[in-house]
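A short write-up of the structure that comes next.
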Ligand code: CP
């Protein structure tokens, strides 16, 4: 049965972006996630603990993987739809943080505005985990790197290419990959590039470990030599008013068989899901032999359970 000593950089700490967490802490989370995946007998590490799961945006994978993972570790997930909370009727994030801290041992939140999650963490007396904001999706980034590592080893030195919108998943892949010494290249159109501050900070982290993070605008240049070709939805939650323009701009960035052929011969396709067949990826790719998306989705369960074990001990 997997057991751990919680990493001091994670014990009792919030996880909002991975940017401020040391590489060895992330590696220990990935190692524990591998153990949890291999061993169906999970420790009751969260016995007697309650964890609030606030969803202000829709979710399938994040909600189910957190809920199932917490239950398998013996804890009690308290799922809250944002619209059903007083938060949805104007109660402040500060007051919500203070009250929830009296009831639960940690708060997991999905919302568009990253500043809201930062504010929640500032005012809460318990750790806060970002379950997706417009800027970062750290739990997804951990699952992505776990999937790359189980396919190719390392993952130091492995190259991953992100193609499409330089969004939250792009940022979190860059940061998680950088912490593991990977090469992460984003191929994105002008106007939809990842945040240059995230790129700069991720590149600095990667270079300390022999890796690199950089951006190009040509999708074929991005995937050249890449072992993992990653894409995400072109119209993220909160961007719906830009749909027509985004579909036009991103059309050359579709991950199809031809783009996969331009990557390394053993490359796998990654996608956080949900996927949109014929838009950012074709069904033939993500349902095909080069797809790793189902492992990637499953790994959310293991990596989040490992993260909670480190945070809550
Ligand atoms: N990848 C991901 O976060 O999926 P959900 O939106 O279904 O949670």
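Just so you know, all these numbers are worked out from the coordinates, no wet-lab data involved. Predicted model only: the values in this text are computed from it and were never measured. Glycine gets a Cβ as well: all are built from the backbone with ideal geometry, and neighbour counts include every protein chain shown.
Does at least one position in the stretch 219-229 carry a residue that is assigned to a strand (DSSP E or B) and either within 19 Å of the chain's Cα centre (by Cα) or within 16 Å of the ligand (Cβ to nearest atom) (or both)?
Yes, the stretch 219-229 has at least one match.
Identify, by number, the condition in (1) surrounded by 17 or more Cβ atoms within 10 Å (Cβ to Cβ); (2) out of contact with any helix residue (DSSP H, G or I) (no Cβ under 9 Å at 6 or more places or on another chain); (3) under 15 Å from residue 304 (Cα atoms) that residue 71 doesn't meet.
(1)
Contact list please: Cβ distance under 6 Å, first residue in the stretch 264-277 and touching a residue at least 40 places away in the same chain (Cβ under 8 Å) and under 19 Å from residue 174 (Cα atoms), second residue assigned to a loop (DSSP other than H, G, I, E, B) and within 11 Å of the ligand (Cβ to nearest atom), pairs at least six apart or on different chains.
Filtered contacts from the stretch 264-277: 272/232.
Return a yes/no flag: does the stretch 232-239 have any residue that is over 20 Å from residue 181 (Cβ atoms), touching a residue at least 24 places away in the same chain (Cβ under 8 Å) and part of a helix (DSSP H, G or I).
No, the stretch 232-239 contains no residue that is over 20 Å from residue 181 (Cβ atoms), touching a residue at least 24 places away in the same chain (Cβ under 8 Å) and part of a helix (DSSP H, G or I).
This table checks each residue for (1) away from the ligand (no atom under 16 Å from the Cβ); (2) more than 30 Å from residue 268 (Cβ to Cβ); (3) part of a helix (DSSP H, G or I).
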site: 77; (1), (2), (3): no, yes, no
site: 96; (1), (2), (3): yes, yes, yes
site: 109; (1), (2), (3): no, yes, no
site: 117; (1), (2), (3): no, yes, yes
site: 125; (1), (2), (3): yes, yes, no
site: 133; (1), (2), (3): no, no, no
site: 136; (1), (2), (3): no, no, no
site: 141; (1), (2), (3): no, no, yes
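Can you name the number of the only condition in (1) surrounded by 14 or more Cβ atoms within 10 Å (Cβ to Cβ); (2) out of contact with any strand residue (DSSP E or B) (no Cβ under 7 Å at 6 or more places or on another chain); (3) farther than 18 Å from residue 137 by Cα that residue 190 fails?
Every condition holds for residue 190 apart from (1).
Please determine whether any residue of the stretch 206-213 is out of contact with any helix residue (DSSP H, G or I) (no Cβ under 8 Å at 6 or more places or on another chain), within 17 Å of residue 155 (Cβ to Cβ) and surrounded by 13 or more Cβ atoms within 10 Å (Cβ to Cβ).
Restricting attention to the stretch 206-213, the residues satisfying the condition of being out of contact with any helix residue (DSSP H, G or I) (no Cβ under 8 Å at 6 or more places or on another chain) are 207-208, 210.
Restricting the remaining residues to those that are within 17 Å of residue 155 (Cβ to Cβ) gives 207-208, 210.
This time we only want the ones that are surrounded by 13 or more Cβ atoms within 10 Å (Cβ to Cβ), so: 207.
Yes, the conditions are met somewhere in the stretch 206-213.
Every residue, every condition in (1) within 13 Å of the ligand (Cβ to nearest atom); (2) surrounded by 24 or more Cβ atoms within 10 Å (Cβ to Cβ); (3) under 22 Å from residue 235 (Cβ atoms), yes or no:
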residue: 282; (1), (2), (3): no, no, yes
residue: 293; (1), (2), (3): yes, no, yes
residue: 297; (1), (2), (3): yes, no, yes
residue: 308; (1), (2), (3): no, yes, no
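Being surrounded by fewer than 11 Cβ atoms within 10 Å (Cβ to Cβ) and more than 23 Å from the chain's Cα centre (by Cα) is the filter here, so list the residues in the stretch 35-52 that pass it.
40, 41, 47, 48, listed by residue number.
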